[in-house]
Each structure stands twice: as C-alpha cells, then as structure tokens.
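What follows is calculated from the coordinates using simple rules that are stated; it is not laboratory data. Computed from a predicted model, the values in this text were never measured in an experiment. Every residue, glycine as well, gets a Cβ built from its backbone with ideal geometry; the counts of neighbours run over all protein chains shown.
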Amino acid sequence: MGRGRLLIALCVVLVVVGAVVYRNAFGTTRAPVQPIAYSHRIHAGERKIQCTFCHENGDGKTAHMLIPSAQKCAICHRGIKADSPEVQKVLKHADDGTEPQWKRVYGMPESAHVFFTHVPHLRAQISCQTCHGLIQEMDRVTRVVDQSMGWCISCHRQVPGAMQKIPGTDLEVNRLTECVVCHR
C-alpha cells in the first residue's frame, strides 16, 4: 500500500473514531444512570410541577438553571413518599448537608468555548422542551436534542427582530448569529 493510501486510511479511521467519541460524549444518546432514580415524568408530567419550581435561576441573577438541592427536595418529600428507598437517599443527603453527585446530561464541552446563559431564553419564554426534549415524559433524562452549533444557529435565525442594519451600508445581519453571542 502506498503512502498516500495509508495516509487516507489513517485519516478515515481518525474521523470515524472522533465521531464516535464525540457522539458518546455530546451526542443525542446520553442518558447516564443517576445516583438517585428521579422521574421527571412523575414530577413535571403527572404532577405538573413547573421546571422553574425546582430548577431555579435566581430570577435571572445566574446564567444557569440550578439543580435543586437535597434540602429543596426534602421540603416536599419529608411528607410525600418519605418511605420510598429513593426518597430516603435524598432525605439522608438533606440531613447530612451533602448533595447527590448528579451526572450532567446537557452541557457544552469546555473546548467549545461556549458562553451559554438561560436568562435570555427564559425572558423570550422559550420552553424548556425546545432545548431539552419532552422532559415531562422521561423517567430518566435522556439527551434527545443535539445541541450542536448548527442547531443553535438554526433557532437563532428564526427569532423575530434579530435582523440589524449595518450602519452606512445596505446590509442587514442577524445579530444572534454573530460569533461573539455564544463564543467569548
């Protein structure tokens, strides 16, 4: 086999391996087993508890939606299903002043250099399901939305009023697709 063919074969193998690693780390199939079995189907679906009741973000004072503390869960669960083995785990954390080591389902790798904040998305009244899928139907949260750069840009292009005229020209650009909006 010539050097050229060997180099091409090596490149193909590297691309395939890279794609598999990326998909496993950041693709749409991620559904890690959590330290406590928690059902969004029961809480957000059957009980119709709003996402922001548990996942606070300080009325826009923080960029992220916070994972509720064991103390927050204990507020309800000291009296609701307190005998459940999974609830017992939460109550033990609450009593001990510790937190379960939840595994991230959504998020961007550090290498992407993406600055993301929920604040403008909440203000624009974008539903949680738009970016996280039908969470209210999930017993175990699964990454069903591929939050790639292309996916975000396609949504940003649909925002009314995002077009902005460049001063001194006849050109208009979508201000939400400028690199600096997400990459800082």
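Worth a mention:
- R123-D146 FRET efficiency (beta carbon distance; Förster radius 22 Å; 0.05 resolution): 0.35
- Listed peptides 99-105, 158-164, 67-73 by packing density, highest first (mean Cβ within 10 Å): 67-73, 99-105, 158-164
- Taking Cα extents along the principal axes in Å as calculated from this structure, the corresponding entry among (1) 65, 58, 28; (2) 91, 47, 29; (3) 54, 41, 31 is (1).
- Among K81, K89, the ranking by other beta carbons within 10 Å of each residue's beta carbon, starting with the fewest, stands as K81, K89.
- Of P160, V119, V33, farthest towards positive along the dipole that unit charges on Lys, Arg, Asp, Glu beta carbons give the range 3-182: V33
- The range 108-121 - phi-based ³J(HN,Hα) in whole Hz, Karplus 6.51/-1.76/1.60, Gly and Pro as x: 9, x, 3, 5, 6, 6, 9, 9, 10, 9, 6, 3, x, 5
- Relative contact order [Cα under 8 Å, 6+ residues apart], the range 3-182, whole percent: 28
- Span-like helix ranges in the chain, DSSP H, alpha carbon extent 15 angstrom or more, Kyte mean at least 1.6: 3-26
- Choice from G60, G168, G97 with maximal GNM fluctuation in the chain (Cα, 10 Å cutoff): G168
- Computed helical MRE - 222 nm, the chain, DSSP H runs ≥ 4 contributing -39500 (n - 2.57), nearest 500: -10500 deg cm²/dmol
- Rounded, prolate or oblate (a/c below 1.5 giving rounded, otherwise prolate when a/b exceeds b/c) for the range 137-184 by Cα gyration tensor: prolate
- Of the residues I75, I49, I166, the one that moves most in a GNM of the chain with alpha-carbon contacts below 10 Å is I166.
- Rh by Kirkwood over Cα pairs, then Stokes-Einstein D for the range 101-140 at 1.567 mPa s and 4 °C, µm²/s: 106
- Residue among I42, I135, I80 with the largest mean-square fluctuation in a Gaussian network model of the chain, springs linking Cα atoms under 10 Å: I80
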